[in-house]
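Derivation of every value follows stated rules applied to the coordinates shown; laboratory data play no part. Worth saying up front: this structure is predicted, and the values here are computed from it rather than measured. A quick note on method: Cβ atoms are made from the backbone with ideal geometry, for glycine too, and the neighbour counts reach across all protein chains shown.
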Amino acid sequence: MNYNILEKNNVKYISFNAYEELGFIKHGFSTRIGGVSSNTYTSMNLGVKTSDNPNNIMENTKRFCEAVGVNFNNVVISDQVHKDQVRVVTRDDTTDDTTDDTTDKLNLTSNIKNIDALVTNQRGVPLMSYYADCVPLFFADPVAKAVGLAHAGWRGTMLKIGNKTIAKMTEIYGTKPENVITAIGPSIGSCCYEVNEEVIEKFNINFTDIQNFVISKGEGKYMLDLWEANRLALKEIGVLDRNILVSKICTGCNLQLFYSHRKEGPLTGRMASIIEIV
């Protein structure tokens, strides 16, 4: 198993063994365990776009950050829109010029709009993104000392946002894809993710062979394996097979640990990924 479920102060989160061994980053992927939210958001809802009480979201985010060991006040988020744009983050992004109120920041006052991937090579700049079935992609370059996160729903996966994140790291930091260690975190698995023919047709545009991650159920219905699609895309840009860590944890099958939009509907919580260079 390439990951562990860690617990600190009652907060449970996922940690990848290979990332722990790198020594220059802190990282994690949250679960729904250890927070203060209630009802459909029980209990560690981190979703700033949900209708949960903002004070609960703030407290949950603080608890998650404390468990991982990063500074809550420096967290950088973006307004995820299911596209493929990548933003280079610096220490300047850790300060919101419009307000000093942390609650306001969690209410989407982030100036980083229309972005689904973040990269940085600066210490003490935690990157965070949100999920409730979409695929969290982690990136760490131990040579150039750079990291990134990408939010890959089916649209982001189809657009190969993982490749574009690595391409941005190559452009800005001199990253070589063969040095990058990537992790595919908990997300909806092919066991639970049925899509229609329109979605599959879009994948056919960007992928030369979809047979490895699409299973037809007949009558225009398909089971889609986002893990494999992202893995193949990462290999395409030059990431080594041995450096692609796939958690193989389905959020839809593990509702005791994770929120799932597909299984629970829109009034559910959100998990978050986080990564920081220390």
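Quick look at the values:
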item: The chain: antiparallel DSSP beta bridges as a percent of all, rounded to 5; result: 80
item: Positive-end residue, the chain charge dipole about Cα centroid, Cβ charges, pick of 239, 272, 81; result: 239
item: Binned Cα-Cα distance frequencies in the chain - 10 Å width, integer %; result: 7, 32, 38, 20, 3, 0
item: Kyte-Doolittle mean at least -1.0, axial Cα span of 20 Å or more - DSSP H helices of the chain; result: 54-68
item: Whichever aspartates and glutamates have a C-alpha closer than 12 Å to that of residue 263, once near sequence neighbours (fewer than 8 apart) are set aside; result: 133, 194
item: Cα-based reach from residue 221 at 16 Å (exclusive), listing lysines while leaving out same-chain residues under 8 positions away; result: 202
item: All lysines inside 19 Å of residue 12 as judged from Cα atoms, apart from same-chain residues fewer than 8 positions distant; result: 26, 62, 248
item: The range 112-135-the range 236-255 distance, computed between alpha-carbon centres (Å); result: 18
item: In order through the range 262-268: 3J(HN,Hα) via Karplus (6.51 cos²θ - 1.76 cosθ + 1.60), integer Hz, x for Gly, Pro; result: 5, 8, 10, x, x, 8, 10
item: Net lengthening on full extension, residue 20/residue 208 (0.36 nm per residue, minus Cα-Cα); result: 64.2 nm
item: Over the chain: helical MRE at 222 nm, DSSP H runs n ≥ 4 each giving -39500 (n - 2.57), nearest 500; result: -6500 deg cm²/dmol
item: Globularity index of the range 180-240, i.e. its alpha-carbon radius of gyration over 2.2 N^0.38 Å; result: 1.16
item: Local net charge near residue 220, Cβ-Cβ under 12 Å (Lys/Arg +1, Asp/Glu -1); result: -3
item: Rough spin-label spacing in nm, given labels placed 7 Å along Cα→Cβ, for residue 51 and residue 256; result: 3.0
